[in-house]
Amino acid sequence: MVLGYIYHSLGEIASHPYHPDSNCPGDFLTLIHYVGLLGSKISLSQARHVFRDGRYLSLRASSYRVDSCNSGDVIDMGDLLASRARVSQSLSALCFMIDIYKLWTIEICWLSSKIDEIFDVVETATKIEELVDVDRFKALSDQDLTCSFEIAHIEGQLHSLSNETSELKVKEQEILREEERIHQMREDLTIQQQSLIEAESKLKSFLDLKKREAEQVQADLVQAGFSKLQDLKKEKDHLKNLIGFVISFDND
């Protein structure tokens, strides 16, 4: 497709009439042809003389006239510049298409190498398939399928165990919270027990003090009663003596 476009563009350039009544377009196209073949490495100002069929093309910078051996036709400078611009544009397009063609050629070569690699892989796979024992491969495939089912069953059991483990972890957390609450209650009871022991000790001390006070009071009461009894005995003896004295006085 690219080469067809290049040839088509060259044909359009070669068939384009720059001046309808001039005998010089062939000379001009010869110059353009050589410019195109040289890859646009020369310009119109550098190509001073080009010979074709006994004629020559001479570009004069002063008058911009194109002379011929057979004719004195003159081409306008505007036509020359327009023609040169069109030819330069066409040559640029051709160079661009040639670059695209080169890139496509490189890509086609790369794809060809990849296709060769694919064919090599397919050929290797075919050889391997010929060397492989089909029955053994089928048995291994069945065994692999069985293992897959067993793995799926084991994964299901693992999933169930994971759920049970999660539930057990939740219960464990509840038990830990309950143990922490019981531990806190034990600490509170220990503190209360210490308080009760201290209160009991204080009560015992207080009771001992009261007992000692009661014993002291009782001792004091006994001592006071004994003293009173002694006094009463003394008074009784005194009364006895007094009564005996009165009786003896009456007898006299």
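Please find, among Ser83, Ser141, the residue that is among the polar types (S, T, N, Q), touching a Phe, Trp or Tyr at 6+ places or on another chain (Cβ under 8 Å) and surrounded by 10 or more Cβ atoms within 10 Å (Cβ to Cβ). Break it down into steps so the answer makes sense when it comes.
Working: Ser141 fails: touching a Phe, Trp or Tyr at 6+ places or on another chain (Cβ under 8 Å).
Going through Ser83, Ser141 in turn, just one is among the polar types (S, T, N, Q), touching a Phe, Trp or Tyr at 6+ places or on another chain (Cβ under 8 Å) and surrounded by 10 or more Cβ atoms within 10 Å (Cβ to Cβ): Ser83.
Any idea how many residues of segment 103-135 are in a helix (DSSP H, G or I) and over 43 Å from the mean Cα position of the chain (by Cα)?
Here is the first cut: in segment 103-135, the ones in a helix (DSSP H, G or I) are 103-131, 134-135.
Those left that are additionally over 43 Å from the mean Cα position of the chain (by Cα): 127, 130-131, 134-135.
Number satisfying all stated conditions: 5.
Would you confirm whether any residue within segment 55-76 is at negative phi and either at pLDDT 80 or above or in a helix (DSSP H, G or I) (or both)?
At the first step, the residues of segment 55-76 found to be at negative phi are 55-63, 65-76.
Restricting the remaining residues to those that are either at pLDDT 80 or above or in a helix (DSSP H, G or I) (or both) gives none.
Checked segment 55-76: no residue is at negative phi and either at pLDDT 80 or above or in a helix (DSSP H, G or I) (or both).
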State whether one or more residues within segment 85-101 are part of a helix (DSSP H, G or I), modelled with pLDDT of 85 or more and of a type in the set (Phe, Trp, Tyr).
no
Cβ-Cβ under 9 Å, sequence separation 6+ or interchain: first residue in segment 102-123 and touching a residue at least 60 places away in the same chain (Cβ under 8 Å), partner surrounded by 10 or more Cβ atoms within 10 Å (Cβ to Cβ). Which pairs?
Trp104/Val2
State which residue pairs qualify: first residue free of Cβ contacts under 8 Å to residues at least 40 places away in the same chain and inside segment 216-236, second residue part of a helix (DSSP H, G or I) and among the polar types (S, T, N, Q) in any location, beta carbons under 7 Å apart, and separation of 6 or more residues or different chains.
none
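The values are calculated or read from the model by the stated rules, or taken from the named source; none is laboratory data. Model, not experiment: these values are computed from the prediction. Note that each Cβ is placed from the backbone with ideal geometry, even for glycine, and that neighbours are counted across all protein chains shown.
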